[in-house]
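The values are calculated or read from the model by the stated rules, or taken from the named source; none is laboratory data. Every value quoted in this text rests on a predicted model; they were computed, and no experiment measured them. Cβ: placed from backbone, ideal geometry, glycine included. Neighbour counts: every protein chain shown.
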């Protein structure tokens, strides 16, 4: 029989109505350990290795026992109940009942060695009920798993490790294992002079089961390989999903950083525009000075006879030079030097302001182009993120992750082939 399991009842921390407390001292306790302690013993190292690989805190496991207990995929433990005969032919207080207890005791003492992947933490032989019977509570586990924890709870994989691989609905791992254990118990019974009478059952002999398993071996092996490949791929897809989540988070951060940079660029563009306007205003103020320069230049670039005064009658050349020509030439020299200095200063200022204005205009245009590119990249990233959500909603996470993984595998293969070709050329 398969029971739900009540460790407290099995260890007689409480008595049910069908027990005889006066006979409870005849009960046998083989093992009685705390199940959570057993979980720590079996899975703590695997949990630590699993958590070390996670990039997201919400994927880490804090209490593996509680995760299994509150989940729906696996039971925290399983209970096997074995009984020989019934109250009429093997009553607990009869000699045949004592013989049944001896057989169950011998069966129990070889159970753990025979089933190493079924960790027994509670086992009790009850002699205080109508018929002797044995309760065995165990945690089934598997090692070397590629998906999730490398050591984890799994009844299917634990029994597969013992050589029981399911095929059809009626030939599950559990059914095959129970059949084998019944035959083992029957062999012990036979040594004690008891024969297994299979009343009301249509169970086949173990050799027939073995024959059927051989017939299905190829199909089962193929299914096992497919299952392993799917488990490996699922594990890879979980890693890919974590990677994509990290990439999306980084993309969001980059978008936010680009938005901040865009705002800075807009501010800088506005400042450059204001500065360009200031330079333009300064150029405008220089216009009158430029006009004065033009007037002076026109005045002092006329014909010499129009600029120099006429000589008086009988005035000597020496007197004309000293009294009139010299002063005019001196004045022209002063004006020309002043004009030249002003022209140099205005030219320098004008060139500087023109360069600054051109740079400001160019910088403003560059900032506008950069802003347009950033906005396009932002829209593209947001669109890609929304498209990915839509695809996941339609096709499902598994299919999308599988497609992404396949694409990455192909890319990796192409890179590896290219790298090998490059190394080959270098070696040649």
Could you tell me which of the residues 147, 119, 49, 69 is in the same structural domain as residue 24 (by TED's automatic domain parsing), in a helix (DSSP H, G or I), farther than 25 Å from residue 195 by Cα and touching a residue at least 24 places away in the same chain (Cβ under 8 Å)?
49
Can we say residue 176 is surrounded by fewer than 19 Cβ atoms within 10 Å (Cβ to Cβ) and assigned to a helix (DSSP H, G or I)?
no
Specify the residue that is nearest to residue 123 (Cα to Cα); the eligible residues are those in region 1-39 that are at pLDDT below 65, within 42 Å of the chain's Cα centre (by Cα) and not in a strand (DSSP E or B).
7
With the requirement that a residue be surrounded by 24 or more Cβ atoms within 10 Å (Cβ to Cβ) and under 23 Å from residue 88 (Cβ atoms), what does region 124-142 give you?
126, 132, 134
Among the residues of region 94-115, is there at least one that is at pLDDT 95 or above and assigned to a loop (DSSP other than H, G, I, E, B)?
yes
Residue 223 over 20 Å from the mean Cα position of the chain (by Cα) and either more than 29 Å from residue 56 (Cβ to Cβ) or at pLDDT 70 or above (or both):
yes
Looking at region 158-169, is at least one residue touching a strand residue (DSSP E or B) at 6+ places or on another chain (Cβ under 6 Å) and outside any helix (DSSP H, G or I)?
no
Quick check: anything in region 78-92 without any contact (Cβ under 8 Å) to a residue 24 or more places away in the chain and in the same structural domain as residue 198 (by TED's automatic domain parsing)?
yes
Total residues in region 128-144, condition part of a strand (DSSP E or B) and farther than 19 Å from residue 173 by Cα:
3
Looking only at region 14-73, which residues are touching a strand residue (DSSP E or B) at 6+ places or on another chain (Cβ under 6 Å) and surrounded by 13 or more Cβ atoms within 10 Å (Cβ to Cβ)?
27, 28, 30, 31, 32, 33, 35, 38, 42, 68
